[in-house]
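Coordinate-derived values only; no laboratory data. Model, not experiment: these values are computed from the prediction. A quick note on method: Cβ atoms are made from the backbone with ideal geometry, for glycine too, and the neighbour counts reach across all protein chains shown.
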Ligand code: XBP
Ligand code: MG
């Protein structure tokens, strides 16, 4: 549902932020290392396969966005024929999705520390919230409802809805289209180089909040890089701040407003 009701024509510099589009995996939720990776390994085990992805290997495999494509790329690397790997990747991914949904339902997948405060703050300020993810809507929707409250995000675009996945801008462009806003009044929040590329290609300014898998990636194009969302007790470190936004130890709504105004 639309909030705030700020007409796009009436915004002025410093008050232009109308919408924030956030990534899910690694950004809103800590889901890769102890979530998706574990579910992939359980699916391998159940299928009687010897394959297991350890923490480091999974970090390399994250270069392939989309769980099914990730599986297929892995089996291709191991010399499996196309038809066989397509069938196997599809089957394993379906099972992995069910297992991950179960983990999420049991509360094993948590929001990143500090992100709930940001979402609340933006919501209270009438800034509209959307999601652009490579993950599947099948697990994304119930997880976001559970962690942030039902219907908290006005538009959710999943990897299964777009013609091309990140780093292609499709998911961000679709989120903006669903909100009915232009990139000039919006900002993106991502955790990775792949996501950053997608957001920037859609014309959005982008804050990157790194995690252990993405810290060393090339994030030069980012408009702000933090090592966490931060809180009063555990302030985030600023890793890059090319526009001198000077966040107060956390990613807050005011910093995102300054970012949108800087564009
Ligand atoms: C997330 C992904 C997803 C998840 C797994 O990337 O690439 O594939 O790893 O989810 P981003 P699925 O954070 O850039 O959106 O198995 O549902 O694909
Ligand atoms: Mg991500």
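Rounded to the nearest angstrom and listed largest first, the equivalent-ellipsoid semi-axes of region 32-105 from its Cα gyration tensor are 18, 14, 11. How much FRET efficiency would the formula 1/(1 + (r/R0)^6) give for residue 54 and residue 110, where r is the Cβ-Cβ distance and R0 is 22 Å, rounded to 0.05? Working from the Cβ atoms, E equals 0.50.
Quick check: the distance between the Cα centres of region 34-87 and region 123-175, to the nearest angstrom? Using only Cα atoms, the two centres lie 24 Å from each other. The angle between the Cα long axis of helix 82-105 and the main principal axis of the chain comes to about 60°, on a 0 to 90 degree scale. When the inverse distances between all different Cα atoms of region 126-263 are averaged and flipped, the Kirkwood radius reads 15.4 angstrom.
Quick one: Cα convex hull volume of the chain, Å³ per residue?
Here the figure is 118 Å³ per residue.
Could you state the angle between the C-alpha long axis of helix 67-77 and the longest principal axis of the C-alpha atoms of the chain, as a value from 0 to 90 degrees rounded to the nearest 10? The angle comes out near 50 degrees. Hey, how many Å between the Cα centroid of region 103-120 and the Cα centroid of region 231-263? Cα centres, region 103-120 to region 231-263: 21 Å. As a length-normalised measure over Cα pairs under 8 Å and 6 or more apart, the relative contact order of the chain settles at 23 percent. Rounded to the nearest 10 degrees, the angle from helix 115-124 to the longest Cα principal axis of the chain is 40 degrees. Simple spin-label estimate for residue 164 and residue 94 gives 2.9 nm between the two label positions (7 Å along the Cα-to-Cβ direction from each Cα).
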